1. Which residues, taken from the stretch B:1-13, are surrounded by fewer than 10 Cβ atoms within 10 Å (Cβ to Cβ) and within 12 Å of chain A (Cβ to nearest Cβ)?
2. Looking at (1) more than 24 Å from B:Ile170 (Cβ to Cβ); (2) surrounded by fewer than 12 Cβ atoms within 10 Å (Cβ to Cβ); (3) away from chain A (no Cβ under 14 Å), which one does B:Arg77 not meet, given that it meets all the others?
3. When B:Leu97 is evaluated against the numbered criteria (1) outside any loop (DSSP other than H, G, I, E, B); (2) of a type outside the set (Lys, Arg); (3) touching a residue at least 60 places away in the same chain (Cβ under 8 Å), which criterion, by number, is the only one it fails?
4. What number goes with the only condition from (1) within 12 Å of chain B (Cβ to nearest Cβ); (2) buried (at least 16 other Cβ atoms within 10 Å of the Cβ) that A:Thr59 does not pass?
5. Name the residue that is farthest from the other protein chains (Cβ to nearest Cβ), counting only residues in the stretch A:72-86 that are out of contact with any helix residue (DSSP H, G or I) (no Cβ under 7 Å at 6 or more places or on another chain) and within 25 Å of B:Val30 (Cα to Cα).
6. Return the residues of the stretch A:91-108 that are away from chain B (no Cβ under 11 Å) and either over 16 Å from A:Cys52 (Cβ atoms) or in a loop (DSSP other than H, G, I, E, B) (or both); say none if nothing qualifies.
7. Taking B:Lys21 as the residue in question, decide whether it is surrounded by fewer than 11 Cβ atoms within 10 Å (Cβ to Cβ), within 28 Å of A:Lys109 (Cα to Cα) and within 14 Å of chain A (Cβ to nearest Cβ).
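Just so it is clear, none of the values below were taken in a lab; they were calculated from the coordinates. Just so it is clear, the model here is predicted, and its values are computed rather than measured. Counting neighbours? That spans all protein chains shown, and the Cβs are built from the backbone with ideal geometry, glycine included.
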Amino acid sequence: MPNSQQLIAIRNGLGLSILMLASAAWGIDPMPQFDDPSLESSYQELINEVRCLVCQNQTIADSNAPLASDLRREIHQMMGNGASRPEVVEFLVARYGDFVLYRPPFHSKTWLLWGAPIILLALGFLVFARILKSRMGQPLSEDEITP
Amino acid sequence: MMWRYLIPISIFLVLSAFFVKGLSLNPRYVPSPLLGKPAPEFELPRLKDPNASLGSVDLEGQVTLLNVWATWCVGCRQEHGFLVELSQENNVPIYGLNWKDDRNTALDWLSTLGDPYVGSAFDELGEVAIDWGVYGAPETFLLASDGTVLYKHIAPLTRDIWTSEFLPRIISECGSIPCPTVNN
């Protein structure tokens, strides 16, 4: 049997988690869910990848800005009318530019953005290889020789 | 072995150059993909007369400004005086896009502060604003007589910006097409 202190801890924990769950549900005005679960999940996936231009570090799924809610409504409507993901993305980019996407497409303006990690990794390997090579012929120091 | 020391220094300098440039950029400014393209078509009820409509058709055939405004927007209040001034100079007709606003409050605003607009379209749901890529009022579009978007200014319009960004574009546009005389 848990003692009274443990019970209080459990009660507080439960209360806290209920509060946290509730706060997740507050923020955003609920759009009616699509009947088709796969449509609903692709809608959710998409609005979680579209930047809210009013509060730029939030997605339109997270943001309470009126513009975000307008865009959610617009996307919801388009997808309800059978628009595909690329069609919705094209619609958004034509109006707001690539910046509206958290995953911008690869093209002449974004190659450095996408390529930089690979370039930096390659540079790192190059430096690593040079260091290894320069140390190759050297004898081990006193400390490095395990008895 | 001087070059050994030059590598980290040059990497540092390149990074610094990026950071210095980054500091002077405004992350709130998102360039419009509409520049140089035909303006999106629209048709909305007029603010002052819900039964009459205002749309692309009314803007065509002349160089115009389309100003996105709302009574909830502080920047719009800030630029309003200049817009009224500008409308009195009669250079370019100013049209308004009243964005996600309350009709009565908006009418009140115009009667108290003066009405610089030839006409204002009433975009209650913000659908036309989405088509125009509007993300924060005030925004001002400069439109050619064939409906091409020549320029977009995001932030309150001032005399300085008018003189440096709008006037030269209007003058170069009207060199070929007749448009109202631009003095100043």
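1. Once the filter is applied, which keeps residues that are surrounded by fewer than 10 Cβ atoms within 10 Å (Cβ to Cβ) and within 12 Å of chain A (Cβ to nearest Cβ), the stretch B:1-13 yields B:Met1, B:Arg4, B:Pro8.
2. (2)
3. Checking B:Leu97 against (1) outside any loop (DSSP other than H, G, I, E, B); (2) of a type outside the set (Lys, Arg); (3) touching a residue at least 60 places away in the same chain (Cβ under 8 Å), the one that fails is (3).
4. Result: A:Thr59 passes all but (1).
5. A:Pro86
6. A:Tyr102, A:Arg103, A:Pro104, A:Pro105, A:Phe106, A:His107, A:Ser108
7. Values: surrounded by fewer than 11 Cβ atoms within 10 Å (Cβ to Cβ): yes; within 28 Å of A:Lys109 (Cα to Cα): yes; within 14 Å of chain A (Cβ to nearest Cβ): yes.
In short, yes.
Matching residues to (1) among the polar types (S, T, N, Q); (2) under 29 Å from the mean Cα position of the chain (by Cα); (3) closer than 17 Å to B:Leu142 by Cα:
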| residue | (1), (2), (3) |
| --- | --- |
| B:Val14 | no, no, no |
| B:Val20 | no, yes, no |
| B:Leu35 | no, yes, yes |
| B:Pro40 | no, yes, yes |
| B:Glu43 | no, yes, no |
| B:Leu59 | no, yes, yes |
